[in-house]
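The values are calculated or read from the model by the stated rules, or taken from the named source; none is laboratory data. Just so you know, these numbers come straight off a predicted model, no measurement behind them. Reconstructed Cβ throughout: ideal geometry from the backbone, glycine too, with neighbour counts over all protein chains shown.
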C-alpha cells in the first residue's frame, strides 16, 4: 500500500452502520442525545414531583418574566431554522450562504446566553429577595436554576461546537455530513428549551 | 454518500407552526379556564412543538424506524420514573 493510499484508508469513514448509512457519526450523536434526554427527563420529572408534593409553590409567571423568555424561545426557534438553512446551503455547495446562516446561529446562541445572564442577575439580586425566596433554601428557586443552568451549559456547548464546525468547514476540513450532526445537537437544545419554557415558566 | 436522501421539508411552514403554537401557549395562561384544562392544553402544545422539531428539523421523519425508537427511549425512562416516584407524593 502506498503512503497516499494508507492515509486515505485512515481518513476513510469506518464501516457504515445500517441505521444511518450516510455517516456513523450521526448514529453516535443520536445515541448521545438519547442519553442526554434521559438527564433532562430526570431533571424535569424530578421538578414535577417536587412541585406536585409542595403545598406553597409560587405561580411561576408571577415571579419569572414571561416576555423575556418568550423572546428567548423565539430566538432558539429562529436559530433552529437558520441551522437547517445553513445545512441546506452546504448540501448544495453554497459556502457563503452556509457561513452566513451558521454565523447567525452562533449569534443567536450568544444572544440567548446574554438574555439568560441578564435574567439570572435580575432574579438573584431583585426578584427573589422581593418574594423572600432564595437560591439555596427554596425548591422553587433551586429547581429553576438547576434546570435552566443545565440547559444554558448545553447552549454554551452548542455555541462552541458550531463555531468549531464553521471554522472547519471554512478551511475545507469538514463537509455537509458534519454540519448535519452539529445541527442535530442544536435542534435538541431548542427542543429541550421548548419543554423547559412550558413546564418551568408557563405551567 | 448520498447528499440529498430525501426531499427537503418546508422549513418555513414548520417555523410558522412553532411560532403560532408558542403565541397560543402564552395566551392560554391568561385565559380564565379551569387549571386542569390549562395544564392539558400547555402539555399538548409543548409535545406538538417538540415533535415538529424532532420530525422535520432533526429529520427523524425521514430516518429508519429503529432510530426513532432510540430517540423515544428516554420517554420510557421518564414514565418509569414518574410511576416509581408517584407513591412518594401521596400522604401515607
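Structural remarks
Residue-by-condition table, conditions (1) crowded, with 21+ Cβ neighbours inside 10 Å; (2) within 20 Å of the chain's Cα centre (by Cα):
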| site | (1), (2) |
| --- | --- |
| A:111 | no, yes |
| A:136 | no, no |
| A:149 | no, yes |
| A:161 | no, yes |
| A:196 | yes, yes |
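- Any hit, segment A:80-91, residues being more than 21 Å from residue B:9 (Cβ to Cβ), touching a helix residue (DSSP H, G or I) at 6+ places or on another chain (Cβ under 9 Å) and surrounded by 14 or more Cβ atoms within 10 Å (Cβ to Cβ): no
- Any hit, segment B:29-40, residues being facing chain A (nearest Cβ under 10 Å) and exposed (fewer than 13 other Cβ atoms within 10 Å of the Cβ): yes
- None of A:154, A:132 is outside any helix (DSSP H, G or I) and away from chain B (no Cβ under 14 Å) except A:132.
- Which listed residue is facing chain B (nearest Cβ under 9 Å), in contact with a helix residue (DSSP H, G or I) (Cβ under 7 Å, 6 or more places away or on another chain) and not in a helix (DSSP H, G or I), from A:20, A:73: A:20
- Residues that are closer than 23 Å to residue A:123 by Cβ and assigned to a loop (DSSP other than H, G, I, E, B) within segment A:23-54 comprise just one, A:54.
- Answer from B:22, B:86 - the residue that is at pLDDT 90 or above and either surrounded by 13 or more Cβ atoms within 10 Å (Cβ to Cβ) or over 21 Å from residue A:21 (Cβ atoms) (or both): B:22
- Residue, farthest from residue B:79 (Cα to Cα), within segment A:32-51, restricted to residues that are free of Cβ contacts under 8 Å to residues at least 24 places away in the same chain and either within 7 Å of chain B (Cβ to nearest Cβ) or in contact with a strand residue (DSSP E or B) (Cβ under 9 Å, 6 or more places away or on another chain) (or both): A:34
- Filtering segment A:167-176 to residues that are part of a helix (DSSP H, G or I) and surrounded by fewer than 20 Cβ atoms within 10 Å (Cβ to Cβ) leaves A:167, A:168, A:170.
- Residue within segment B:30-47 that is assigned to a helix (DSSP H, G or I) and in contact (Cβ under 8 Å) with a residue 24 or more places away in the chain present: yes
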